[in-house]
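The values are calculated or read from the model by the stated rules, or taken from the named source; none is laboratory data. Predicted, not measured: the structure shown is a model, and the values here were computed from it. Here the Cβ positions follow ideal geometry from the backbone for every residue, glycine too, while neighbour counts run over all protein chains shown.
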Amino acid sequence: MSEPTDVQKLIADECDAIKILLLEKNKAYGNSAMDPVKIFSKLSNEEQIKVRIDDKISRISRGQQSSIQEDTEQDLIGYLILLRVCRKFQKIKNKREKKI
């Protein structure tokens with residue numbers, strides 16, 4: 001097997017950084033994306049994540065300082081991953097509930 005190219009290494013590094021970010025936030029904030037407290041918002045978990053995605057896209061479209069822009073881009077990528085995880089997690093929950 002050939003050695004990864006520089007671009008492939010950068011892709012792997014970016015993916016690893018997002019993975020670490022998501023795992024650290026999940027540990028710090030609990031499972032808030034999949035199990036929010038829902039004090040004010042009664043939206044589904046998926047809809048709440050979509051609202052956060054909209055917020056991040058809005059920030060990016062308005063433009064910001066490069067360091068803040070980079071954090072916002074990482075957050076957006078993270079929320080897009082969480083959206084996919086949320087959908088898969090909901091399917092798992094539905095299957096478990098049907099067994100009961």
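Taken residue by residue, segment 35-42 has no member that is closer than 23 Å to Ile68 by Cα and surrounded by 12 or more Cβ atoms within 10 Å (Cβ to Cβ).
Here is the figure for segment 31-53: residues that are charged (D, E, K, R) and either touching a Lys or Arg at 6+ places or on another chain (Cβ under 8 Å) or assigned to a helix (DSSP H, G or I) (or both) total 4.
Please tell me if Ile68 is modelled with pLDDT under 95 and either part of a helix (DSSP H, G or I) or surrounded by 10 or more Cβ atoms within 10 Å (Cβ to Cβ) (or both). Spell out the reasoning first.
Details: modelled with pLDDT under 95: yes; either part of a helix (DSSP H, G or I) or surrounded by 10 or more Cβ atoms within 10 Å (Cβ to Cβ) (or both): yes.
Yes, satisfied.
Identify, from the list Lys56, Lys25, Lys9, the residue that is in a helix (DSSP H, G or I), over 16 Å from the mean Cα position of the chain (by Cα) and surrounded by 11 or more Cβ atoms within 10 Å (Cβ to Cβ). Lay out the reasoning, then the answer.
Values: Lys56 fails: over 16 Å from the mean Cα position of the chain (by Cα); Lys25 fails: over 16 Å from the mean Cα position of the chain (by Cα).
The match here is Lys9.
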